[in-house]
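Engineer: My questions will all concern the structure given below.
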Amino acid sequence: MASGARREVLGRIRAALADRPSPEPVVRDYDTCRAVDDAVGLFAERVADYRATVTWVGAGELPAAIAAALRARSARAMLGPPDLPGDWRVPDVEWHLDEPPLVVERLDSCDGVLTGCAIAISETGTIVLDAGATQGRRVLTLVPDYHLCVVGADQVVVSVPEALARLDPVRPLTFISGPSATSDIELDRVEGVHGPRTLDVLLVPTAGT
């Protein structure tokens, strides 16, 4: 009964709109050619402005930097996507990879999550995840209280339009600008409401380092 009524209502709407002209296409001629002298340095500066910790890591130093970051946070049980590189899984840490998919209770019981990223935006200090390589499901970076993210210098772009031009819009995109935070009407800042309250970023020469 409800289905028949729904079809009738939608049919009337379509009939009423039949003679309407099609909408004009939206021109999306965004500026994707802006340049800055040091895009990676600007990204690091903007991320730090959001109260995230940024560490520059030299070639071949990533495993040691991961271990140092986890020691500093007293993180002993960490989550990771199924394709987390083996050399990122440093010793003396209990690793829980999301394969098969972990239940929410397990995600919540771990100290944090380690991922890579899809792209990073220097002007806004934003990290973008798209559930691609070294990132895993979106929920991995929403439930834990701590996120350690590896960003390659070759993944840093200058502007949001440049980032959008490189991203696939049908993928599940997550934009991260510092630790999760919100403010009430009194402007009291509360962190960790909609995601990790602590974000550490390791900046490496290339994404695969």
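The values are calculated or read from the model by the stated rules, or taken from the named source; none is laboratory data. Only a predicted model underlies this, so the values are computations on that prediction, with no experimental measurement involved. All Cβ positions, even for glycine, are placed from backbone atoms using ideal geometry, and neighbour counts span all protein chains on display.
Engineer: Go through the residues of segment 195-209 one by one and say whether even a single one is at pLDDT below 95, touching a strand residue (DSSP E or B) at 6+ places or on another chain (Cβ under 9 Å) and exposed (fewer than 15 other Cβ atoms within 10 Å of the Cβ).
Structural biologist: The answer is yes; a qualifying residue exists.
Engineer: Now for a separate question. Output the residues belonging to segment 141-183 that are within 16 Å of Asp98 (Cα to Cα), out of contact with any Leu (no Cβ under 6 Å at 6 or more places or on another chain) and hydrophobic (A, V, I, L, M, F, W, C).
Structural biologist: Leu142, the sole residue that qualifies.
Engineer: Can you find, within segment 22-44, the residue that is surrounded by the fewest Cβ atoms within 10 Å (Cβ to Cβ) among those that are touching a residue at least 60 places away in the same chain (Cβ under 8 Å) and among the aliphatic types (A, V, I, L, M)?
Structural biologist: Once the filter is applied, the top-ranked residue is Ala35.
Engineer: For segment 77-120, name all the residues that are out of contact with any helix residue (DSSP H, G or I) (no Cβ under 7 Å at 6 or more places or on another chain) and charged (D, E, K, R).
Structural biologist: If the condition is that a residue be out of contact with any helix residue (DSSP H, G or I) (no Cβ under 7 Å at 6 or more places or on another chain) and charged (D, E, K, R), then Asp83, Arg89, Asp92, Glu94, Glu99, Glu105, Arg106, Asp108, Asp111 are the ones that fit.
Engineer: Related question: In segment 32-60, which residues are assigned to a helix (DSSP H, G or I) and either among the aromatic types (Phe, Trp, Tyr) or touching a helix residue (DSSP H, G or I) at 6+ places or on another chain (Cβ under 6 Å) (or both)?
Structural biologist: Answer for segment 32-60, where residues must be assigned to a helix (DSSP H, G or I) and either among the aromatic types (Phe, Trp, Tyr) or touching a helix residue (DSSP H, G or I) at 6+ places or on another chain (Cβ under 6 Å) (or both): Val40, Phe43.
Engineer: Filter segment 106-115 down to residues that are surrounded by 14 or more Cβ atoms within 10 Å (Cβ to Cβ) and assigned to a helix (DSSP H, G or I), then give me how many there are.
Structural biologist: Filtering segment 106-115 for residues surrounded by 14 or more Cβ atoms within 10 Å (Cβ to Cβ) gives 106-107, 109-115.
Retained after the next criterion (residues that are assigned to a helix (DSSP H, G or I)): 106-107, 109.
Within segment 106-115, residues that are surrounded by 14 or more Cβ atoms within 10 Å (Cβ to Cβ) and assigned to a helix (DSSP H, G or I) number 3.
Engineer: Can you tell me which residue among Gly112, Gly116, Gly60 is small (Gly, Ala, Ser), touching a residue at least 40 places away in the same chain (Cβ under 8 Å) and in contact with a Lys or Arg (Cβ under 9 Å, 6 or more places away or on another chain)?
Structural biologist: The unique qualifying residue is Gly112.
Engineer: What number of residues in segment 125-156 are assigned to a strand (DSSP E or B) and either within 16 Å of Trp95 (Cα to Cα) or at pLDDT below 95 (or both)?
Structural biologist: Of the residues in that region, 4 qualify.
Engineer: Are any of the residues in segment 48-61 of a type outside the set (S, T, N, Q), exposed (fewer than 14 other Cβ atoms within 10 Å of the Cβ) and at pLDDT 95 or above?
Structural biologist: No; the residues of segment 48-61 include none that is of a type outside the set (S, T, N, Q), exposed (fewer than 14 other Cβ atoms within 10 Å of the Cβ) and at pLDDT 95 or above.
Engineer: Checking Arg14 against (1) within 23 Å of the chain's Cα centre (by Cα); (2) at pLDDT 85 or above, which test does it fail?
Structural biologist: Exception for Arg14: condition (1).
Engineer: Which residue pairs have Cβ atoms closer than 8 Å, lie 6 or more positions apart in sequence or on different chains, and pair a first residue in segment 150-174 that is touching a residue at least 12 places away in the same chain (Cβ under 8 Å) and under 25 Å from Thr53 (Cα atoms) with a second residue that is part of a helix (DSSP H, G or I) and not hydrophobic (A, V, I, L, M, F, W, C)?
Structural biologist: Val157/Arg166; Thr174/Arg138; Thr174/Thr141
Engineer: Hey, another quick one. Go through the residues of segment 2-13 one by one and say whether even a single one is assigned to a loop (DSSP other than H, G, I, E, B), on the phi < 0 side of the Ramachandran plot and charged (D, E, K, R).
Structural biologist: Within segment 2-13 (the criterion being assigned to a loop (DSSP other than H, G, I, E, B), on the phi < 0 side of the Ramachandran plot and charged (D, E, K, R)), the answer is no, since none of the residues qualifies.
Engineer: Just to verify a result, which residue in segment 73-105, among those that are charged (D, E, K, R) and without any contact (Cβ under 8 Å) to a residue 24 or more places away in the chain, is surrounded by the fewest Cβ atoms within 10 Å (Cβ to Cβ)?
Structural biologist: Within segment 73-105, the match that is surrounded by the fewest Cβ atoms within 10 Å (Cβ to Cβ) is Glu105.
Engineer: Next question, about the same structure. Quick check on segment 116-125: of everything there that is of a type in the set (Gly, Ala, Ser) and more than 19 Å from Pro172 (Cβ to Cβ), which residue is surrounded by the fewest Cβ atoms within 10 Å (Cβ to Cβ)?
Structural biologist: Of the residues in segment 116-125, the ones of a type in the set (Gly, Ala, Ser) are 116, 118, 120, 122, 125.
Within this subset, residues satisfying the condition of being more than 19 Å from Pro172 (Cβ to Cβ) are 122, 125.
On the way: Ser122: 24, Gly125: 22.
Among residues in segment 116-125 that are of a type in the set (Gly, Ala, Ser) and more than 19 Å from Pro172 (Cβ to Cβ), the one surrounded by the fewest Cβ atoms within 10 Å (Cβ to Cβ) is Gly125.
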